[in-house]
Every structure is written in structure tokens, then in C-alpha cells.
Amino acid sequence: MNHPRFDIRSLSFDQLAEWFREHGEPSYRAGQLWQALHSQGVGDWDGLIILPKRLRETMTREFAFQLTTIAKAQTAPGGTIKLSLAYADGCNTECVFLPQKDHSTACLSVQTGCRMGCKFCRTAMLGAGRNLEPYEIEVEFHLLTKAAAEKPRNVVFMGMGEPLDCLLNTIMAARLLADPAGADVGFRKMTVSTVGIAPAIRELAQLEPRLKIAFSLASPFQQQREELVPSARKYPLTEIISALRFHAQATHRQPTIEYLLLAGINDSEEHARAILSLLTKLPCKINLISYNTNPELSFHAPESAQMLRFQQWLRKGPNTVIIRKSLGAEISAACGQLAGEG
Ligand code: SF4
């Protein structure tokens with residue numbers, strides 16, 4: 001039986017350097033290979049023309065490239081691109097390129113499903129998937145860069161899966177993306193989105209304080225939140241807000257509160273008042289997002305006049321409140337619409 005071969009992109013720079021040293025190769029090889037893998041996003045042996053053929057042949061005996069295949073690529077009017085990706089083990093995921101006026105954003109998935117069960121999200125219907133390896137998350141970024149012919153300036157870990165449910169992989173992926181000899185995305189341009197795993201919010205602040213955080217609130221009322229986000233039963237809002245305060249103090253950065261507006265469910269003035277009271281001691285920015293329709297789910301987006309009213313109610317507080325424009329709904333690429341359609 002063959003020994004299972006590691007994907008070469010799962011090795012650290014020091015491990016690569018060590019391998020070249022052990023094989024009597026010059027030390028610059030590690031830098032060449034690292035740049036090809038992590039800056040240019042080379043994803044197969046044939047693309048590694050920087051290395052002599054005999055060296056590539058030796059490496060193939062020890063390492064592999066696990067293929068990530070683009071099963072489907074869709075572009076919406078306006079330039080949003082959604083890639084549906086398939087892995088050798090039969091799992092699927094999706095990632096999205098979001099063009100904006102003066103910059104673009106890569107929305108990356110961290111899992112191939114999600115066990116959080118949010119009632120308004122299509123990914124939840126898939127159930128738990130597997131965690132993506134850090135290099136697999138990085139590959140999403142490179143594939144989006146190639147598909148869009150443009151390197152995204154921002155990265156949001158907001159695609160399929162809960163980033164704090166696979167915290168270490170998310171942090172390692174962010175570090176790979178931030179590497180100046182790799183994709184070189186600044187930490188200030190990367191945001192981790194969570195539905196609220198309180199202990200992991202604190203852990204994130206301690207392990208990687210350079211990453212920004214966005215918390216998806218769904219409802220300021222604990223009972224309603226538990227109905228919309230089943231994982232909320234384990235982590236009450238008071239604990240989450242206290243963890244976010246800890247995060248803000250440890251990182252010196254304000255969190256973003258993402259609020260998905262569902263018509264007739266969480267868009268009343270009472271909700272707005274409860275949000276303001278919940279956030280009294282948490283300096284933060286609030287992003288309002290309109291629900292994106294999913295044929296399988298019975299929620300609806302509020303009228304735009306109601307969204308504006310909701311924004312005005314929240315503006316009675318000290319926070320900046322922005323209505324975030326949804327992109328890619330035509331190709332089911334918007335928030336809550338990803339479902340790994342391979
Ligand atoms: S909203 Fe996020 S955390 Fe909730 S089920 Fe969907 S992917 Fe998972």
C-alpha cells in the first residue's frame with residue numbers, strides 16, 4: 001500500500017526548506033516553490049516549471065496536489081462570480097468574487113456544509129460537512145483571482161460553514177493569505193464572520209488578534225434568536241456580547257454586527273430598540289442586509305422603505321449603520337444562498 005502523500009501546500013515554509021536541505025538542494029528552492037504555490041496559486045506539478053523536472057519527479061513520490069475542480073462557474077450581471085468547487089473525496093463547496101466600485105472581495109467557505117442550522121440559510125440544509133484544509137481555503141482565493149482576472153482586495157470568511165467551528169483552519173488560512181510572499185492580503189482586509197460561538201470569539205482574539213470579526217445577530221431577543229439560529233441555545237446573547245467586548249479590547253478593533261432583515265420577523269421598531277439596548281456597551285458598526293430569497297425557505301425580504309425605516313431607528317444610537325448592498329442573488333451567490341452545488 002502506498003503511503004498517503006501530503007498535499008504539498010499543507011507544508012510550512014520551514015518544512016519545505018528542511019526538505020530541500022535534506023535533499024541537497026540549494027536553499028533558494030524553498031522560496032521559489034513557496035512563491036509559485038502561494039503567490040501564483042500553481043495547483044499541479046506541470047505548472048511548477050520553476051523546478052527542474054528531476055526534482056519534481058522526486059517530489060511527486062512524497063507529496064501530492066489534491067485536485068480542486070471547478071464544477072461550475074457562474075457570472076451575474078455586474079460581475080459577481082460564483083465558483084462551485086468539487087474535491088476528490090466527493091465534497092463540494094462554493095466561493096464568490098464580489099466586485100465593488102473601488103475594490104473587490106473574495107467570500108470564502110471554510111467547510112463543505114454547516115452544522116449551525118440557521119433557519120434562513122441554504123447551507124444549513126446540507127447539514128454538517130467537513131472542515132476545509134487551510135490550503136483548500138487559500139485555493140478558493142487563487143481560483144477566484146484567476147476567474148475574475150483581478151486580485152480581490154478584501155477577504156471575508158462568510159461563505160459555507162462557521163469559521164469559528166474550525167477556528168485553527170480559518171486562522172491558518174488567513175495567515176497563508178496574509179503572507180507577503182504569498183497572496184499578500186493584509187490582515188486589516190480580512191474578516192471572520194460568526195453566528196456566535198462565545199468561547200471561540202475569545203480564543204480568536206488571543207490566537208490571531210489581527211483578524212477582524214463580524215457577528216451575525218439575527219435577533220436581539222434570545223428566544224427568537226434560538227428559533228432562527230439553533231446554536232444560540234448553547235451560547236446566550238449576553239455571553240456572546242461579553243466575548244465580543246473582550247475581542248474589541250484585546251484587538252483594539254470594533255466588531256461589525258451583521259443584521260439580516262427578515263420581513264415581518266425581525267424588522268420591527270421593537271427589534272431596533274432592543275438592538276440598541278443590547279449594544280449599549282459595545283462600540284460597533286452595524287450592517288443591515290436584506291434577506292436573499294431561497295425557493296426552499298419561506299422567509300421574505302422587507303420592502304426597501306422598511307429597511308430605511310429600520311436604519312433610521314438604529315441611527316438613534318451611536319453606531320454607524322449601513323445598508324449593505326447584496327450582490328449575486330441572480331446566481332444564488334448572495335448571503336445565505338450558498339449550497340455547494342457541484
Ligand atoms: S448562516 Fe453561516 S453559520 Fe448559519 S448555517 Fe449558514 S453557513 Fe452556517
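Descriptive notes on the structure:
- Residues in region 312-337 that are in a loop (DSSP other than H, G, I, E, B), open to solvent by 30 Å² or more (accessible area, probe 1.4 Å) and under 22 Å from H103 (Cβ atoms): K325, S326, L327, C335.
- Among the residues of this structure, E162 counts as one that is under 11 Å from the mean Cα position of the chain (by Cα), more than 18 Å from Q74 (Cα to Cα) and either within 16 Å of the ligand (Cβ to nearest atom) or among the aliphatic types (A, V, I, L, M) (or both).
- Within region 160-206, the residues that satisfy the criterion of being acidic (D, E) and over 22 Å from A36 (Cβ atoms) are E162, D165, E203.
- Residue match in region 276-286 (condition: charged (D, E, K, R), open to solvent by less than 80 Å² (accessible area, probe 1.4 Å), within 16 Å of the ligand (Cβ to nearest atom) and at pLDDT 95 or above): no
- Among the residues making up region 109-159, a single one is within 16 Å of the ligand (Cβ to nearest atom), among the polar types (S, T, N, Q), under 22 Å from L37 (Cβ atoms) and not in a loop (DSSP other than H, G, I, E, B): N131.
- For region 186-201, the candidate set comprises residues that are part of a helix (DSSP H, G or I) and either among the charged types (D, E, K, R) or under 13 Å from the mean Cα position of the chain (by Cα) (or both); within that set, the residue that is modelled with the lowest pLDDT is R188.
- Residue satisfying all of: in region 202-257; of a type in the set (D, E, K, R) and assigned to a helix (DSSP H, G or I); surrounded by the fewest Cβ atoms within 10 Å (Cβ to Cβ) among these: R233
The values are calculated or read from the model by the stated rules, or taken from the named source; none is laboratory data. On a predicted model such as this, the values are computed, not experimentally measured, just so you know. No Cβ is skipped: glycine too gets one built from the backbone with ideal geometry, and neighbour counts run over all protein chains shown. Just the protein is used for accessible areas: all its heavy atoms, side chains included, with ligands, DNA and RNA removed. Shrake-Rupley method; radii C 1.70, N 1.55, O 1.52, S 1.80 Å.
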